[in-house]
Amino acid sequence: MIQFTLNGQPVSIETDPARPLLRVLRDDLDLTGAKQGCDMEGECGACTVLLDGQAVRSCLLPVGKVAGRSVITVEGLGTREHPHPV
Ligand code: FES
């Protein structure tokens, strides 16, 4: 069981800790704001999320490494009333 905070909410997920965070976000958690723009080789940056406030490419990040940490996707930026400029 991998537990982390996603856009301010606690998340628990049972999965292979070696899976890329991008795949877990899109395929398991239905958050499609982070995109796959290359062959998941870290070249395009379309998959960027914030991990404890630092921009990281989620295609290169095994989901097991986010345990106990905070992830913010584009869906977690701003509010419906006050959307973030990103
Ligand atoms: S999908 Fe291209 S850098 Fe992650």
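No lab work stands behind these numbers, since they all come straight from the coordinates. What you see is a predicted model; the values in this text were computed from it and never measured. Counting neighbours? That spans all protein chains shown, and the Cβs are built from the backbone with ideal geometry, glycine included.
Brief remarks on what is shown
- Rounded to 0.05, the FRET efficiency of the GLU75 and SER12 pair, given R0 = 22 Å and the Cβ-Cβ distance, is 0.75.
- Residue-wise HN-Hα coupling along the range 42-50, computed from phi with Karplus coefficients 6.51, -1.76, 1.60 (Hz; x: Gly, Pro): x, 9, 9, x, 5, 9, 4, 9, 9
- Projecting the Cα positions of CYS59, MET40, LEU77 onto the charge dipole of the chain (unit charges on Cβ atoms of Lys, Arg, Asp and Glu, taken about the Cα centre) puts LEU77 furthest along the positive direction.
- Here the calculated FRET efficiency for HIS82 and ASP30, from their Cβ-Cβ distance with R0 = 22 Å, stands at 0.40, rounded to the nearest 0.05.
- Put simply, the amide H of LYS35, placed in the peptide plane, has neighbours under 5 Å in CYS47, THR48, leaving out anything fewer than 5 places away on its chain.
- Anisotropy class of the range 18-62 from Cα gyration tensor, a/c 1.5 cut: rounded
- Kirkwood Rh (inverse of mean 1/r, distinct Cα pairs), the chain, angstrom: 12.9
- Normalised contact order of the chain, rounded percent, pairs of Cα under 8 Å and 6 or more residues apart: 35
- Loop sites here are trypsin sites (Lys or Arg not before Pro) outside DSSP states H, G, I, E and B with no more than 13 other Cβ atoms within 10 Å. The longest part of the chain free of them is 1-68.
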